[in-house]
Amino acid sequence: MKTQAGFLISQIKLIGGRVFEKILAKENISEFNGAQGKILYVLWQRDKISIIELSKAVGLANTTLTSMLDRMEEAGLIKRFPDPGDRRKNLIALTDKARGLREKYEQVSQEMNEVYYKGFSEEEITLFESYLQRVLKNVKEKI
């Protein structure tokens, strides 16, 4: 059986990223880009986490993430501060400016969901996402 999961997932990620950027532009959202939005999303769920935890959550290498965090810090979206429990670590926290952008991000995310799931029933969405969770679990086991 010929399968294309890796190729299809890569294409969805690539083209979906372009669509996300297009929606940001259409909505005049310039405070963050698509990649930064993923980081903000994780921090909105769980603020004040280590770079290692953030790296695992967004799936980016520490070096890539560090340079993105530098730009986000310059833009006033995040701040770094020493971990009170371990001074060798820094924690990443949202600024008030970033907290204020959550509603805009959620609007764009809702629009992306409408693009992704056009023509899908709720049952199909639930089943599809359960399959994606299984694939994600499978690939994470190989790290």
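Comparing Cα centroids, segment 104-143 and segment 1-32 end up 13 angstrom apart.
Take each complete run of DSSP H in the chain, measure how far its Cα atoms stretch along the helix's own axis, and keep only those covering 24 Å or more with mean Kyte-Doolittle hydropathy at least 0.5; list them. Span-like helices, by this rule, are 5-26. Shown here: Rg and Dmax of the Cα atoms in Å, derived from the displayed model; of the candidates (i) 20.2, 84; (ii) 43.0, 118; (iii) 16.9, 53, it corresponds to (iii).
Sparsely packed loop sites in segment 56-95 (the trypsin sites (Lys or Arg not before Pro) outside DSSP H, G, I, E and B with at most 13 other Cβ atoms within 10 Å) do not occur. For the chain, the dipole from Cβ point charges (+1 on Lys and Arg, -1 on Asp and Glu) about the Cα centre works out to 560 debye, to the nearest 20. Entry note, segment 71-137: relative contact order of 19 percent, from Cα contacts under 8 Å with a spacing of 6+ residues. How high is the relative contact order of the chain, in percent, with contacts defined as C-alpha pairs under 8 Å that are six or more residues apart? Computed over the chain, the figure is 20 percent. Cα-Cα over 19 Å: which of LYS38/LYS97; LYS22/LYS56; LYS13/LYS38; LYS26/LYS56? In this structure, LYS22/LYS56; LYS26/LYS56 exceed 19 Å between Cα atoms.
A short reminder: the numbers here are calculations on the coordinates, not readings from a lab. Keep in mind the model is a prediction, meaning the values are calculated, not measured. Because the Cβ atoms are built from the backbone with ideal geometry, glycine has one as well, and the counts that use them run over all protein chains shown.
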